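A short worksheet on the structure shown next.
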Amino acid sequence: MKIGIEKIAFHVPNNYVEMTDLAQARQVDPNKFHIGLGQDQMAVLPYTQDIVTLGANAAQRIVSDTDKKQIAMVIVGTESAHDFSKSAAVSIHHLLGIQPYARTYEIKHACYGGTAALQQAHDFVACHPDKKVLVIAADIAKYGLATPGEPTQGCGAVAMLVSAEPKILRFADDSVYYAEDVYDFWRPAGHDYPLVDGHLSNEIYVESFVKVWEANKKLNQRTASDYAALTFHLPYTKMGRKAFAAIALEMSTADQDRLMAQYEHAITYSRKVGNLYTGSLYLGLCSLLDHGTLKAGDRIGLFSYGSGAVSEFFSLIVEPDFKRSLLIAENEALLAQRKKLTLTEYETLFKQKLPADGGTYEFDDTSSFAIKKISGDIRYYREA
Ligand code: CAA
């Protein structure tokens, strides 16, 4: 039985800031952000939107009325939860009108949550081939104004429908994993922003990639020439390049050229959005599918990394006619229609927070699924 991704779509908010403007405001050479980090624009979320609104909007793009009857599991991978108990998944399940007899929950390990969710979806469909699973990877990456992490912020969500009718990509069942207890990036309870040892996080990312790459070579008997493309978790788009450089010397020039050319296709969207934490690997996958030169049967290697640190390397195989199931024009339109913020507007939005005093407040954000009211610390979302 084939299991895989039947549909995939992302959502990003309607606001962004130009990295050149941010660099100038922080008195940094813009090339540090554009070349040194590989980022051109950064998505910015209004305080009236959150992982529920991001996730619901992404899922709304792919889930049909028929799917809503067949979806028997909804999993949200995130590290931006606003509630330690109730999951974002149950709110999204409600907003989308998915049939009620669905296993619905949230899952966490830093930027790895989306991959954990995707693999659980695979296992569920293996046991229940007539059912579908909605996987959402949604996050808000925020480090604070004028911090080293600021140019690597971003936000958004990717939704994937996993089923036994994989019209886009099928699993190859070849995952290898690695875990190491390290404090490179973490967010203790009560902290608005993560604590991060940025340079250590870069190092652990690359080390983890090399570990799973080596394990993959040994366990699955594969080399670089088996892959049409490699995609990476993208906290900023230079990061995948650094990991690739760590293994480049072991491969032929032809392999290096092919994989680097596909890498450029895989980072197109992330350059304009920034870090989605759990969604970043899958925004890269969307970009590769939309822009890359792929054909049926091609193997895509995916490196998932979650600080703290866990990682997984696995592959997905391209299905025939996959392009027919993509939303390429809509994806481009979603990015093109966004509003560019001035630095003052960005900093104002950044500092705004939902009231947390238990009172009742109403908001006038009319975008789909936006928070329309908060009362008694319950968020009420606008129906789409
Ligand atoms: N022109 C071109 N390049 C320039 C430049 C210029 N004028 N000035 C600097 N650069 C280059 C530097 O040489 C450097 O390149 P290399 O990494 O290839 O050496 C790059 O720009 C960044 O410069 P610095 O290392 O000096 O930047 P920094 O100290 O300000 O911090 C950072 C960079 C550590 C990534 C920081 O932004 C950060 O902490 N970000 C958050 C953590 C993060 O994203 N970590 C990634 C791995 S962890 C992970 O993947 C999980 C996750 O999602 C968070």
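Values in this text are rule-based calculations from the coordinates and carry no lab data. Quick caveat, the model's predicted, so the values are computed rather than measured. All Cβ positions, even for glycine, are placed from backbone atoms using ideal geometry, and neighbour counts span all protein chains on display.
Here is how the numbers come out for the structure above:
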item	result
Mean residue ellipticity (222 nm) of the chain, computed from DSSP H runs ≥ 4 via -39,500 (n - 2.57), nearest 500	-10500 deg cm²/dmol
Percentage relative contact order, segment 171-319, counting C-alpha pairs under 8 Å, at least six apart	37
Using distinct alpha-carbon pairs, which all enter the 1/r mean, Kirkwood radius of segment 139-182 in Å	14.7
Radius of gyration and maximum dimension Dmax of segment 1-114, Cα, Å	17.8, 56
Ranked list, fewest to most other Cβ atoms within 10 Å of each Cβ, for Met1, Met160	Met1, Met160
The chain - share of DSSP beta bridges that are antiparallel (%, nearest 5)	70
The chain: most fluctuating residue of Ser64, Ser311, Ser85 per GNM, C-alpha cutoff 10 Å	Ser85
Residue with peak Gaussian network fluctuation, the chain [Cα springs, cutoff 10 Å], from Gly77, Gly149, Gly284	Gly149
Too-long pairs where the Cα-Cα distance tops 22 Å, listed order kept, from Lys167/Lys242; Lys242/Lys272; Lys167/Lys217; Lys32/Lys238; Lys217/Lys242; Lys7/Lys69	Lys167/Lys242; Lys167/Lys217
Bins of 20 Å, starting at 0 and running to the largest distance - Cα pair percent for the chain	30, 61, 9, 0
Segment 300-376: translational diffusion in µm²/s, Stokes-Einstein, Kirkwood Rh over Cα pairs, 20 °C, 1.002 mPa s	120
Burial ranking of peptide ranges 25-32, 121-128 (average Cβ count within 10 Å, highest at the top)	121-128, 25-32
Choice from Ile51, Ile75, Ile204 showing the highest fluctuation, given a GNM over the chain with Cα pairs closer than 10 Å	Ile204
Cα-based equivalent ellipsoid, segment 79-229: semi-axes from gyration tensor eigenvalues, Å	28, 26, 13
Modelled FRET efficiency - R0 56 Å, Asp123 with Gln27, Cβ distances, 0.05 increments	0.65
Estimated translational D of segment 171-319 in µm²/s (Stokes, Kirkwood radius over Cα pairs; 25 °C; 0.890 mPa s)	157
Within segment 277-384, trypsin sites (Lys or Arg not before Pro) in DSSP loop having at most 15 other beta-carbon neighbours inside 10 Å	Lys295, Lys353
